[in-house]
Every structure is written in C-alpha cells, then in structure tokens.
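Student: Let me give you the structure first, and then I'll get to my questions.
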Amino acid sequence: MTPKKRMPPRYQPGDLSLLAEILTDRPNLTDAACRGAWRLVDEALHPQPNADPSAARARLTALCRTCPARAACSESLVNH
C-alpha cells in the first residue's frame, strides 16, 4: 500500500508554515510501529549525556524490523 503524502502548506509565515514545509512530500505513516514511541526514539537516537543508548537502540531496531510501514520509511534502522 502506498502511503498518503502530506498536503502542501496553506499557512501564513510562522511556526505552522515551517512545520508544514518540513513535512511536505514526506509519507504519512499512520501504521508505523514507532508512532507514539517517542520516548524510545529519543533514548535511542538522542541519548542524554553519559547515557548508553545501546539497549534502547536495540529495542527500536527490533520495532523497525516488524513495522508494516518500514518499506516507505526513510528513517528505518534496518535495511529495506
């Protein structure tokens, strides 16, 4: 199934238009396994100083391997 594309921005200059510009032409992966797992993503990809992100990265990689949206995801941690 081909993921839906986000619509072009329709906002005035400001934060919303910047966000819309960033997301334009990015797939809308509503069935991504990592949706709602922002803490895990942050721990794995943006660890706190002196933190070891290896366990979080391993959990996130396992999540990516089972994700139904993996083929369309440009951020996947595993090969397509």
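The values are calculated or read from the model by the stated rules, or taken from the named source; none is laboratory data. Because the structure is predicted, anything quoted here is derived from the model rather than measured. Positions of Cβ are generated from backbone atoms using ideal geometry, with glycine treated the same way; all protein chains shown enter the neighbour counts.
Student: Out of D25, D42, I need the residue that is at pLDDT 90 or above and acidic (D, E). Which one?
Tutor: The match here is D42.
Student: How many of the residues making up segment 46-67 are within 17 Å of V78 (Cβ to Cβ) and modelled with pLDDT under 90?
Tutor: The number of residues fulfilling the criteria is 0.
Student: If you don't mind, another one. Quick one: is R35 among the basic types (K, R), part of a loop (DSSP other than H, G, I, E, B), outside the structural domain of K5 (by TED's automatic domain parsing) and under 15 Å from the mean Cα position of the chain (by Cα)?
Tutor: Criteria met by R35.
Student: Something else about it: Quick test of your reading of the structure: Q48 fulfils all but one of (1) outside any helix (DSSP H, G or I); (2) surrounded by 12 or more Cβ atoms within 10 Å (Cβ to Cβ). Name the failing condition by number.
Tutor: So Q48 meets the others, but not (2).
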